[in-house]
Amino acid sequence: MKTLLLAESHPPTLEHLTGLLSQAGYTVRAVNDAVMALEHFSADNPDVVVLGVDLPHVEGQHVVHLLRSHSQGGRVPIVAIDKGHLGRARGVGSVLDLKVNAYIPDPLKPGELVPRLEALVKAAQAVVLTGVAATMSRPAVATGELKGFPLPALLHSLYRLRRDGVLVVAWRGLSRRVYFLRGGPVNFDASAKQDAFPRFLRERQVLTEAQEQPVVEALASGMRIGAALADVGVEAVGEELLTLLRDFTRDRLGRVLAMREGRYAFYAGDEFSSEVASVEQPALAPLLEAARRRMPLRVVAAGLRAHLNEYPVRSADFGRDLQAMALDTEDIKLAMQVNGRIVLRDLLAHGRAELRAAYTLLWFLRLTGGVTFSPVPLASGTDVLSASAAPDVIAPRKRKPLPPETAAALREEAVRIITRSYFGGLGLHIAADKEAVERAYHETAMRFHPDTYAEFDISDLRDLLDQVQEKLSASYRVLSVDEKRRAYLQYFFSRQEVVGRATAINVDAEIALRRGESALKRGDYRTAIQGFEEAVSLNEHEPEYYSYLAWAKYRGSPGSLMQRALAARKVLKQALTLDPYLERAQIIAAIIEIDLDDAPLARKKLMKVLELNPYSVLARAALQKVVK
């Protein structure tokens, strides 16, 4: 069965076409927005794509342009479908610049869509593929969502089965690929410049910022990396260059393994080896490095929680996989303590390694089969089926005191988190989306987790840190669910002192207003105007929204000073019609008069504001400008 990506924003049309195309023999990946379409295209590598012409743009570009710029975008047929069945067809002119293979004005008209798809797929199959394209032309042997960190287990499976192939991960417009030969990672590439080898060399201070771009351009022209480096005066050849390439692949693979959003797919085959250079390295080592550098400790700890009162013992796989693990001296020392006679809880807390190092190593050994667990302590030299023996006891490790400045900073920040709102505790603006909420939660929770300071004595701070974790968990539970988030925002706005609101609080309008305010502070007037216009459209009877919109238009609209003033005055008129005494609108009107050199009129407007509110800080500041 051929895989088809269907992206359509109209739910009934999406549902109907999913059924129709499934009956026609396609495996349909149905999505309803452009961002998800990009993720599925990069990861699932479909045989054909069907897109609604009215999908929203992504970063100013139509999704078709983004698909065509993808490395596989040239070989995949793309069909644009319109809304003829709803009486809203835009016409073929709407797709002339999109480089689609076909345009269907009415996808539900019998005999239109399916026959066209069959012809396009048949023509595409006639093209002989080689290299990476040949490997990825097959159906993926493993696919799924990245949520829940599924890739470490997949990487271990590839090692055990000694699979050749390409692992693709995608999130929004980002696409990353890891190439495997005989179960080990041998190369990496990505669609983003910040993931490329030249950027890694700059991070390692092998390249300067000025040298990075010439190397990028040289590699894009087909030049080998050694020659590209030599051209900018960097000598890196032989084993030195191979070491850098190994470190680069391991580092970027670590980023891939720690991704928690997007999709992944693995395509089996070794045809890519004719196009992709191979740099072999210990196959399992990136798993441990990713866990230590990039994965939240709570995720690692969750994998061991069920075994805390059991006795870990090294298995036969430990010795066989030792070379692929590439453990350092400290990890070997801790692994030697895994003898089946020390309970896991004590081994983690008081063993040779610090807490995070111990947790990640035991998690790694459990994942790779390097340890097994027994409910009872084992006699020396036995396995988990042997008779039990007396357990070994490790004396608790003496912890050093937390530096006073660190303790003071932790205490101050913890109190701030506990006493602020759910948004404030996570350090977020109220317009932050769910992705920002999840990212802020993971980062903040890790920073204040007691295990982060496992080597220190934090007994006097533990209660406070526990309260922080409770507050952060509550914030995440509420803000990550749309219904709970909306209810909280309604409560949040009702408790705030919102000056000048003449109507009942509209949550969506307030969020749009705050988004506009944030953009205004950044000097992003276009986004600010969009936010304020959205607030006005959601609650057109709230005069305060118009004053914000007027100011953004005055500061950021195109044209001369007079043109901007006229645009702002038009909006201010609407605000003052709703509320003739609206302070902010009157002050903005006065500032416009000041800029137009009509000081007497500006003074008159400001004096009127001060008569109503003698303590107006804004009016007094504007009046001082008139005096000057």
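Listed here are the residues, each with its yes/no results for (1) of a type outside the set (Gly, Ala, Ser); (2) modelled with pLDDT of 90 or more; (3) in contact with a Gly (Cβ under 9 Å, 6 or more places away or on another chain); (4) surrounded by 13 or more Cβ atoms within 10 Å (Cβ to Cβ).
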residue	(1), (2), (3), (4)
Gln211	yes, yes, yes, yes
Ala220	no, no, no, no
Arg224	yes, no, no, no
Ala228	no, no, no, yes
Val232	yes, no, no, yes
Leu244	yes, yes, no, yes
Thr249	yes, yes, no, yes
Arg252	yes, yes, no, yes
Met259	yes, yes, no, yes
field: Index of the failed condition, Lys625 passing every other in (1) closer than 26 Å to Ala519 by Cβ; (2) buried (at least 23 other Cβ atoms within 10 Å of the Cβ)
entry: (2)
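Keeping to the range 570-589, report how many residues are buried (at least 16 other Cβ atoms within 10 Å of the Cβ) and part of a helix (DSSP H, G or I). Don't jump to the end; show me each part of the working.
First pass over the range 570-589, keeping only residues buried (at least 16 other Cβ atoms within 10 Å of the Cβ): 571-572, 574-576, 578-579, 582-589.
Pick out the ones that are also part of a helix (DSSP H, G or I) and you get 571-572, 574-576, 578, 583-589.
The total comes to 13.
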message: Within the range 106-126, does at least one residue satisfy the condition of being more than 19 Å from Leu5 (Cα to Cα), out of contact with any Asp or Glu (no Cβ under 6 Å at 6 or more places or on another chain) and surrounded by 13 or more Cβ atoms within 10 Å (Cβ to Cβ)?
response: no
- prompt: Of the numbered conditions (1) in a helix (DSSP H, G or I); (2) farther than 30 Å from Ala509 by Cα, Ala487 satisfies every one except a single condition; which is it?
  reply: (2)
field: Residue selected from the range 453-463 under the condition over 15 Å from Ala349 (Cβ atoms) and surrounded by fewer than 17 Cβ atoms within 10 Å (Cβ to Cβ), by the criterion nearest to the chain's Cα centre (by Cα)
entry: Asp463
query: What is the number of the single condition among (1) within 26 Å of Arg29 (Cβ to Cβ); (2) assigned to a loop (DSSP other than H, G, I, E, B) that Gly233 does not meet?
result: (1)
task: For residues that are within 34 Å of the chain's Cα centre (by Cα) and among the small types (Gly, Ala, Ser), scanning just the range 336-364, find the one that is surrounded by the fewest Cβ atoms within 10 Å (Cβ to Cβ).
output: Ala349
task: Give the residues of the range 207-228 that are over 28 Å from the mean Cα position of the chain (by Cα) and closer than 17 Å to Leu241 by Cβ, sorted by residue number.
output: Gln211, Ala218, Met223, Arg224, Ile225, Gly226, Ala227, Ala228
- prompt: Name the residues in the range 58-88 that are among the aliphatic types (A, V, I, L, M) and crowded, with 17+ Cβ neighbours inside 10 Å, would you?
  reply: Val58, Val63, Val64, Leu66, Leu67, Val76, Ile78, Val79, Ala80, Ile81
- request: Identify the residue in the range 369-409 that is at pLDDT 75 or above and small (Gly, Ala, Ser) and, among all such residues, is farthest from the chain's Cα centre (by Cα).
  value: Ser374
- prompt: If you take the residues in the range 169-209 that are out of contact with any Ser or Thr (no Cβ under 8 Å at 6 or more places or on another chain) and among the basic types (Lys, Arg), which one is surrounded by the most Cβ atoms within 10 Å (Cβ to Cβ)?
  reply: Arg177
field: Sole exception among (1) under 27 Å from Leu297 (Cβ atoms); (2) of a type in the set (S, T, N, Q); (3) under 26 Å from the mean Cα position of the chain (by Cα) for Ser518, by number
entry: (1)
- request: Output the helices (runs of 4 or more DSSP H) that fall wholly within the range 78-183 and possess 1 or more residues being touching a helix residue (DSSP H, G or I) at 6+ places or on another chain (Cβ under 6 Å), or say none.
  value: 131-136, 151-161
- prompt: Which condition does Leu361 not pass, out of (1) closer than 22 Å to His449 by Cβ; (2) in contact (Cβ under 8 Å) with a residue 60 or more places away in the chain; (3) touching a strand residue (DSSP E or B) at 6+ places or on another chain (Cβ under 9 Å), if it passes all the others?
  reply: (3)
message: So, in the range 20-74, how many residues would count as being closer than 13 Å to Gly173 by Cα and in a helix (DSSP H, G or I)?
response: 17
task: Report whether or not Arg477 is at pLDDT 85 or above and not assigned by TED's automatic domain parsing to the domain that holds Ile511.
output: yes
message: Return the residues of the range 261-303 that are under 25 Å from Arg172 (Cα atoms), crowded, with 17+ Cβ neighbours inside 10 Å and among the charged types (D, E, K, R); say none if nothing qualifies.
response: Arg263
field: Filtered residue count, the range 157-195, keeping only those that are touching a Leu at 6+ places or on another chain (Cβ under 8 Å) and free of Cβ contacts under 8 Å to residues at least 60 places away in the same chain
entry: 3
Considering residues of the range 289-335 that are of a type in the set (Asp, Glu) and not in a loop (DSSP other than H, G, I, E, B) only, the residue farthest from the chain's Cα centre (by Cα): Asp317
statement: Sole miss for Ala357 among (1) at pLDDT 90 or above; (2) part of a helix (DSSP H, G or I); (3) under 23 Å from Arg298 (Cα atoms); (4) in contact with a Leu (Cβ under 9 Å, 6 or more places away or on another chain) is condition (1)
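Give the residues of the range 304-313 that are touching a helix residue (DSSP H, G or I) at 6+ places or on another chain (Cβ under 9 Å) and surrounded by fewer than 18 Cβ atoms within 10 Å (Cβ to Cβ), sorted by residue number. Steps first, answer last, please.
Looking only at the range 304-313, we keep the residues that are touching a helix residue (DSSP H, G or I) at 6+ places or on another chain (Cβ under 9 Å), and these are 304, 307-312.
Once the filter is applied, which keeps residues that are touching a helix residue (DSSP H, G or I) at 6+ places or on another chain (Cβ under 9 Å) and surrounded by fewer than 18 Cβ atoms within 10 Å (Cβ to Cβ), the range 304-313 yields Leu308, Asn309.
The values are calculated or read from the model by the stated rules, or taken from the named source; none is laboratory data. What you see is a predicted model; the values in this text were computed from it and never measured. No Cβ is skipped: glycine too gets one built from the backbone with ideal geometry, and neighbour counts run over all protein chains shown.
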